[in-house]
Amino acid sequence: MLTSPTDTQPANLQKIVILGSTGPTGRHIVRQAVARGYDVTAFVRAPGKATDLTGAEIVVGDARDENALRQAVKGRDAVISALGTPASPFREVTLLSTATRALIDAMKAEGVSRLVAITGVGAGDSAGHGGFLFDKLIFPLLLRKVYADKNRQESVIKESALDWTIVRPSILNNKSGGKTVRALTSLESFHGGSISREDVAAFVLDQVTSDQWLRQTPLVTW
């Protein structure tokens, strides 16, 4: 399915929390959300990295801390998780799944049901669809342990009974956005692609007020 980035304002003021907001994709989400008129809370671990997130309320905490997350999500309408973790060829990765479990418990405790989370091509049934270089070299050599945790993260979300959408971007780049985005759930003919972080941010924000991809795992690409 083809979608186009949107600059429309939300029908009603939405209060959203963004995790991973100081990451390269999270920054785009925060800036676009503010531009669309959302009431934005940026949940950050290092406030020094958030000084340029103009228009967002900055809340400092550890994404694995359920109590801190409860304070952040209380009274909010939706949560976006753009959490990421560096490549880890040798050490086990648990941050994504651990933080997501804490987030889901916090959301349930505070009665917040809408969650939009970013994982990536290579997670779940999108494994083997990243293209030759990604599938044969980058994934096995650098990202195998990261994606094992992304898979655990996705499983936790799917088992949560929340109103979730998991967005799986193809290979991310820092090019300008504004291109038409393809959102795919059938991947038989898809073997590699790329998309800008800016366009991923726009697609993710569109899901906050849409149930088009409710409880689905669309792969987004150009």
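Worth a mention:
- Residues located in region 162-176, provided they are more than 17 Å from LEU219 (Cα to Cα) and either polar (S, T, N, Q) or surrounded by fewer than 18 Cβ atoms within 10 Å (Cβ to Cβ) (or both): ASP163, ASN174, LYS175, SER176
- Of residues in region 55-65 being part of a loop (DSSP other than H, G, I, E, B) and more than 17 Å from GLY23 (Cβ to Cβ), the one nearest to the chain's Cα centre (by Cα): ASP65
- Residues (closer than 28 Å to ALA183 by Cα, part of a loop (DSSP other than H, G, I, E, B) and out of contact with any Pro (no Cβ under 8 Å at 6 or more places or on another chain)) located in region 95-123: VAL112, SER113, THR119, GLY122, ALA123
- Residues in region 66-93 that are outside any loop (DSSP other than H, G, I, E, B), in contact (Cβ under 8 Å) with a residue 40 or more places away in the chain and not β-branched (Val, Ile, Thr): GLU66, ARG70, ALA72, ALA78, SER81.
- Answer from ALA72, ALA63, ALA99, ALA50 - the residue that is at pLDDT 95 or above, farther than 30 Å from LEU141 by Cβ and in contact with a Leu (Cβ under 9 Å, 6 or more places away or on another chain): ALA72
- The listed residues are VAL146, VAL200, VAL220, VAL204, and the only one of them that is buried (at least 21 other Cβ atoms within 10 Å of the Cβ) and part of a strand (DSSP E or B) turns out to be VAL220.
- Residue match in region 45-54 (condition: over 18 Å from THR165 (Cβ atoms), touching a strand residue (DSSP E or B) at 6+ places or on another chain (Cβ under 8 Å) and part of a helix (DSSP H, G or I)): yes
- Of everything in region 149-197 that is of a type in the set (Lys, Arg) and part of a loop (DSSP other than H, G, I, E, B), the residue that is nearest to PRO24 (Cα to Cα) is LYS175.
- Positions within region 188-197 being surrounded by 14 or more Cβ atoms within 10 Å (Cβ to Cβ) and either without any contact (Cβ under 8 Å) to a residue 40 or more places away in the chain or touching a helix residue (DSSP H, G or I) at 6+ places or on another chain (Cβ under 6 Å) (or both), in sequence order: SER194, ILE195, SER196, ARG197
- Residues that are out of contact with any strand residue (DSSP E or B) (no Cβ under 8 Å at 6 or more places or on another chain) and within 10 Å of LEU219 (Cβ to Cβ) within region 123-136 comprise just one, ASP125.
- Listed conditions (1) assigned to a strand (DSSP E or B); (2) closer than 30 Å to PHE90 by Cα; (3) not β-branched (Val, Ile, Thr) are all met by LYS136, apart from (1).
- In region 159-181, the residues that are touching a Lys or Arg at 6+ places or on another chain (Cβ under 9 Å), without any contact (Cβ under 8 Å) to a residue 24 or more places away in the chain and hydroxyl-bearing (Ser, Thr, Tyr): none
The values are calculated or read from the model by the stated rules, or taken from the named source; none is laboratory data. All values reported here derive from a predicted model rather than from experimental measurement. Glycine also receives a Cβ, built like all others from the backbone with ideal geometry; neighbour counts cover every protein chain displayed.
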